[in-house]
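Everything on this sheet refers to the single structure shown next.
Please treat every number below as a calculation from the coordinates, not as lab data. Just so you know, these numbers come straight off a predicted model, no measurement behind them. With ideal geometry, Cβ positions are generated from the backbone for all residues, glycine too; neighbour counts draw on all protein chains shown.
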Amino acid sequence: MTATLTEAPQAQPAVDIEVARSWRTPIILGVVGLIAFVLFGLMTEGGGATTTFVLSRPNDLFTIPAITVPAQATAIALTVIAIALAGVSAWGVQNRRKIGMWLPTVYGIALVLAVLVWAGAGRTATSIQLTGLLIGTVVLATPLVFGSLAGTLCERSGIVNIAIEGQLLAGAFLAALVAGAVSSSTGSDSFGAYVGLVAAPIAGALVGAALSLFAVRYWVDQIVVGVVLNVLVVGLTSFFFGTLMRENPELNRAIGLPDLPIPVLSRIPVIGPVLFDQNMLVYLMYAIVIVLNIMLFKSRWGLRVRSVGEHPKAADTVGIKVNRTRVRNTILGGAVAGLGGAFFTVASGLAFNKEMTGGKGYIALAAMILGRWSPKGALAAALLFGFADSLREQFGIIGTSIPSQFLAMLPYLATIFAVAGLVGHVRPPAAENIPYKK
Amino acid sequence: MSAEQTTAKAVEEQDDRSVLRQIAESSGLVVALAVVASIVIGAILVVLASPEVEEALGYFFSRPADTFAAAWEAITGAYTAMFRGSVWNYNGDTFVQQFRPLTESLTMATPLIFAGLGLGIGFRAGLFNIGAQGQIIMGAMIGGWVGFAWDLPWGLHLIVAIIASVLGGALWGFIPGILKAKAGAHEVIVTIMLNYVAANLIAYALSTDAFQLEGSDNPKSPPIAETAQYPLILGDSFRLNLSFLLAIAAAFGVWWLMERSTWGFRFRAVGANARAARTAGMNVPLSIIGVMTIAGALSGFAGSSQILGTESSGLTAGVAGSFGFDAITVALLGRSRPLGTVMAAILFGGFKASGPALQVQAGLPVDIVLVIQSLIVLFIAAPPLVRFLFRLPAPSREKVVAA
Amino acid sequence: MRLELRGITKRFGTFTANDAIDLVVEPGQVHALLGENGAGKSTLMNVLFGLYDADEGEVLLDGEPADFEGPGDAMAAGIGMVHQHFMLVPPFTVAENVMLGHEEVRGPAKLLDLDAARAKVKEISERFNFAVDPDAVVEDLPVGAQQRVEIIKALSRDAEVLILDEPTAVLTPQETDELLAIVKDLSKAGTSVVLITHKLREVQAVADTITVIRRGKVVGQAEPTASQEELASLMVGRDVSMTVDKDAAKPGAVMLSVRDLSVVDELGIPRLKHVSFNVKAGEILAIAGVQGNGQTELTEALLGSQPVTSGDALLDGEFITGKPIKDVLMAGLGFVPEDRTEDGLVASMTIANNLILDLHDQPPYASGMALKPSVIDEEAAKHVEQFDIRTTSTEATAGSLSGGNQQKVVLARELSRPLKLLIASNPTRGLDVGSIEFVHKRIIEERDNGTAVLIVSSELDEVVALADRIAVMYHGEIVGIVPPDTDRDTLGLMMAGAKQEEAA
């Protein structure tokens, strides 16, 4: 017994165990790059055909001239850059180096630009409206951002919110109904629209409350409740659309929120129209993303919410009311999604229609996962989906040989690839979909 | 945690682990009361939406009885219309007219039985498959193409077209299955996404020459060849076809598969505790892929009953209706068991069949059926809520803890 | 603070976990609550801590009745608890875990004041000489360090009564000694400590007073000077033999040969590093070590549920690494997993079905794809009889059984195949003494039948009782293989990473 063992070796000693490298990412990047090279690089119209990108709008502070590039050369260059990036990724794997998110980001931008160059090649009459594309991105992303924020709020506290779709739809419905009622009694459309905007979160919160009742009080599987609540909301809104709104057309008119361009900022080329010439709902979205991101990760409330979603029993043992937190978050999440629902009616200046959310709630759910349950990430993922949607509209205008249905599929396919592990391992809150019982 | 707590907790968790179990153990009384509660709430909606009631409310304090009379009329109007639309049309002039609603209900129930059976297998195997809609679309699309584009003799053509439908659905179940098994992709997300992919695929297909009716710009295919159509089983006056009998047969098949076969044993074990199943040597990924593929195949069968049966006039993007989503509620209501699924499918088939009668005779949108349907499932998933609504005593909850 | 429990009764359904329990903890006292697994100790403490509502009885603090709605109230009243299963949020840092529930905030936006939390962690760590980094993420810490985080958590809330629930289950003997020293320091500083345990050695080392609980009732008080035999018989209710009866092993040919086996997990962390050893027919090799040092990965790699990074294993001369689990089981491996509810049983299926999880598709239970329900039921009845599984019916769900009977179902299933090797991980964790004796007896019988046996246990007493040879694991390596009569101190040092020659 002469051993003097004062300290166990804590540091892991160097180990010579050979771990298999995962070549999946470079292979996929490479294959997609090569396909793009053939389809969009080589197939782009050559022989002096050009593509023109328009950036400025008429009332900008100053004008950025339109950019015209030789189509084929540019498309080839861009796809070659993408293939080179796949090579960099392979090099990283070979040398066991981690490469940051810049690589897939730059890769994606290069490929998108290549597709745009291809689509705009040789069209003298039409050019690619980059600014319009980006405006469309922000606008189309709006309901997705709200939806995925709602999902994040709920899931961070351990409640799976499949009912985002229903919350969006309920918000859209009530916003239109209240806007119609208020504007017809006060005679002011924009006042009515603002009251509708206030009403929307109430509808979403009600759906959230129903979700929390069944999930927290009755321990029903949260996915089941969510799916069924979606059906219920479709049924209720369609029923009242077919009765109440049909008999009283003044309750469902196309009423829109006015645009609120921010002075000066809105006239900066590109950035201005994209970010600062929007309506109240979009500005609310900016605020909510920023506030939630800070609150969730830096505040007492956020720490407690996350502890409830990860290890509710631990939270309980330090005096945090688990179920109360969950109910509050689910209702709050419902309200956020409900607010997002206003996008479909008052924020777009449209009347309510049956099932008008068209599955955006499910896409928002995907954006939440892609965004890894953080408001910041949700915003980024929603913008990505918004861009795909916007691209489809743009291509619809200029007319390309890509069938619009395939473009429409892109967000769904992207989501499938994402959840199948292409974006790395995603880790949901550990206590998701597990009722907390003492 | 001490042993008895662990056990008590384990028992409790087992009791409540999934809604599927909740539903499986809910008593018949709760099911009946859930239906009653849902119908009552539906009645409230009918009253709220009735212009006559609104009118009578205007002079409620002078003649309150009018309001109640109007409300009663609205409710009875709605529900008798539903009855006439789905069970027995006692206003019909001929027997055929009187009897047709029931056969319509069974016709509507057929795809629900197939798809509901498939989803039920998934639920029991712990897989929440939301993808029946996409699977039905794929089944109908591929089976329909064989049905209108191929030229085969009577009998054989139908069989080949059915097989094509089944394979189409199976493919759309296999994809989320293998992604779940090999990459851990959550089946809820993947199946939802595949529903949209399928919807876009069929929209695209119907814009191509291979599918579109020649000389037409409508997104609709030529009609299915008569050789590939399900024969009608009650004569030409009724739409009920052979696929209904096949659906009943499928229910027996699924019962045998889940209760009496080694595959079903594995599916159940993997669904209830995948880790223990794996430790005992079961191939969990294969089981997941198998369940999803079989579920998809059954939904593909549902697709065949649409395109080779009721929708044989031609493939459209709306061929699946909302059967895929309704099948989820059917499987939940049917407790994921074959018999329950058949009964639930017939109930919901009846709801669906009553739509036109509701619309025409009672002036109500068919969407009220969705409300009643979803409420039924919600109530059944939460028996304590139903007991609370009807002031029933709670069942004696025995937490079995053996010493 | 003087803590008194009066007539505490807690029932779960028809089961009475605590039956009119009285307990007094004097200020600055170390009060041991002794009882075997399932006696109701943890339930009692969860009642005290406000996690459960008592059906009857009351809690008095300094003579004043206290009514705790939840753990928050208990903590505010000065009661801290270190749970057996740590109540730490794995992805949070140490500082975040310590501050959770009583966070300090700063600035106009009232954001979390992490600096204050870090300072607090540092201050307490220094006071008790814990080396804990406030910014370390809890899930990356070894269990010993996690336990210290739990203690810091309780102390940061100025606990005057500290409840420690089976605190040494995850510690090496030396770490246990350190913890017991901390307990003494705390009590000197005036903190009352309630030590919940079933380990007699610890009780004698540190307790001022001992209360023994059996089947939910207080069966007696004892002085720390009482002998182990007295305490054991009070705890179990009958005389207990402190050793396991077994004859000397008659080892035969090498059955299991593990060569240079390594496992790297999904995150790239090596869990098993170049492990090599043999197990012979008719001998028990027991693997000692603190939980989380690669034992789980080793057994799962042998079974095939954990992918092997390099190296291989042979069972009776045949490779088993890289084969499907089914093939390994059929080649003659019996596997009793460490977590029976997670890996051993399908709780919602019947006992009869659980008994054939492995052989359900083999004759006589199936022919082709068809199951044979009557055969399954008959065989189940036989197993229930042979293994003394206490149940009303073979159609009862496995989840309705007690822990001991659940483990018997697992054993019955695994021993129903002809075995060459039996692997059992912590086969008696959480069981009562009767079941422990039964399981040990069966394992030794299996050895005497000529099966090679590999036992993994974090309970040193169990390792010493069963083993013919002891292998000690630390950080994914086998630091040495020693005879069963090696003294505890040496084993303890090895469990902390000292090589055999250093430790001996």
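For the stretch A:130-382, the calculated P(r), taken from all Cα-Cα distances in 5 Å bins from zero up to the bin holding the longest distance, is 1, 7, 14, 18, 18, 16, 12, 8, 5, 2, 1, 0 percent. What's the Kirkwood radius of chain A in Å, using all Cα pairs? Here the Kirkwood hydrodynamic radius works out to 24.0 Å. For the stretch A:24-126, the convex hull drawn through the C-alpha positions has a volume of 103 cubic angstrom per residue.
Note on the stretch B:111-350: Cα-Cα pairs beyond 27 Å make up 32% of the total pair count. Starting from the Cα of A:LYS321, draw a straight line to each of the lysines and keep only those under 18 Å, dropping any in the same chain fewer than 8 residues away. Once the sequence-local lysines are set aside, what remains near A:LYS321 is A:LYS313, A:LYS437, A:LYS438. Sorting C:ASP247, C:ASP133 by the number of Cβ atoms found within 10 Å of their own Cβ, with the fewest placed first, yields C:ASP247, C:ASP133.
From the helices alone, meaning DSSP H stretches of at least four residues, give me the mean residue ellipticity at 222 nm for chain B, per-run term -39500 (n - 2.57), in deg cm²/dmol to the nearest 500.
For chain B, the value works out to -22500 deg cm²/dmol.
In order along the stretch A:412-418, phi translates into HN-Hα couplings of 5, 5, 4, 5, 4, 4, 5 Hz, rounded to whole numbers, per the Karplus curve 6.51 cos²θ - 1.76 cosθ + 1.60 with θ = phi - 60° and x for Gly and Pro. Note on B:318-325: average number of Cβ atoms from other chains within 10 Å of each residue's Cβ is 1. Cross-link partners of A:LYS354 among lysines, defined as those whose alpha carbon lies under 21 angstrom from its own and excluding same-chain residues fewer than eight positions apart: B:LYS352.
In summary, the lysines within cross-link reach of C:LYS246, defined as a Cα separation below 28 angstrom excluding same-chain residues under 8 places away, comprise C:LYS199, C:LYS280, C:LYS382, C:LYS408, C:LYS420, C:LYS441.
Can you give the relative contact order of the stretch B:111-350 as a percent, counting alpha carbon pairs under 8 Å and 6+ residues apart?
41
For C:TYR474, the residues whose modelled amide H falls within less than 5 Å of its own, excluding neighbours fewer than 5 places apart on the same chain, are C:VAL479. The relative contact order of chain A, computed from alpha carbon pairs under 8 Å that lie at least 6 residues apart in sequence, is 23 percent. Restricted to Cα atoms, chain C shows a radius of gyration and a Dmax of 24.2, 75 angstrom. Residues in the stretch B:132-140 carry Karplus couplings, in order, of 4, 4, x, 5, 5, 4, 5, x, 5 Hz; the curve used is 6.51 cos²θ - 1.76 cosθ + 1.60 with θ = phi - 60°, and Gly or Pro positions show x.
Where does chain C land at 222 nm, in deg cm²/dmol rounded to the nearest 500, when only DSSP H runs of n ≥ 4 count, each adding -39500 (n - 2.57), divided by all residues?
Details: 17 runs with 161 residues, N = 504.
Counting only the DSSP helices, I get -9000 deg cm²/dmol.
When each of the peptides C:278-289, B:132-143, C:26-37 is scored by the mean number of other C-beta atoms lying within 10 Å of its residues, the order from highest to lowest reads B:132-143, C:278-289, C:26-37.
Comparing mean-square fluctuations of A:ALA84, A:ALA351, A:ALA176 from a GNM of chain A with C-alpha springs under 10 Å, the top value falls on A:ALA84. Over 30 Å apart at the Cα level, from the set C:LYS250/C:LYS499; A:LYS360/C:LYS110; A:LYS98/A:LYS360, are A:LYS360/C:LYS110; A:LYS98/A:LYS360. Amide H contacts for C:THR321 (H built 1.01 Å from N in the peptide plane; partners 5 or more residues away or on another chain; cut-off under 5 Å): C:ALA313.
Based only on other Cβ atoms within 10 Å, what is the fewest-to-most ordering of A:ILE162, A:ILE99? Display every interim value, and only then the final one.
Details: A:ILE162 26, A:ILE99 15.
The fewest-first ordering by Cβ neighbours comes to A:ILE99, A:ILE162.
Which value in Å does the Kirkwood hydrodynamic radius of the stretch B:67-152 take, with 1/r averaged over all unlike C-alpha pairs and then inverted? For the stretch B:67-152, the Kirkwood estimate is 16.5 Å.
Taking a ≥ b ≥ c as the square roots of the Cα gyration tensor eigenvalues, the protein assembly as shown comes out prolate, since a/c reaches at least 1.5 and a/b is larger than b/c.
Once C-alpha pairs closer than 8 Å and six or more residues apart are averaged by separation and normalised to the residue number of chain C, the relative contact order reads 15 percent. Once backbone amide H atoms are built at 1.01 Å from N, C:MET81 has C:ILE163 as its partners under 5 Å, excluding neighbours fewer than 5 places away on the same chain. For the stretch C:352-361, the Karplus equation 6.51 cos²θ - 1.76 cosθ + 1.60, evaluated at θ = phi - 60°, returns couplings of 4, 5, 5, 6, 10, 3, 7, 10, 4, 9 Hz by residue, with Gly and Pro reported as x. The overall shape of chain B, judged from the alpha-carbon gyration tensor, is oblate: a/c is not under 1.5, and a/b is no greater than b/c. As a rough footprinting exposure proxy, the listed residues C:HIS83, A:HIS311, B:HIS186 were ranked by other beta carbons within 10 Å of their own, and the order from fewest upward is B:HIS186, C:HIS83, A:HIS311.
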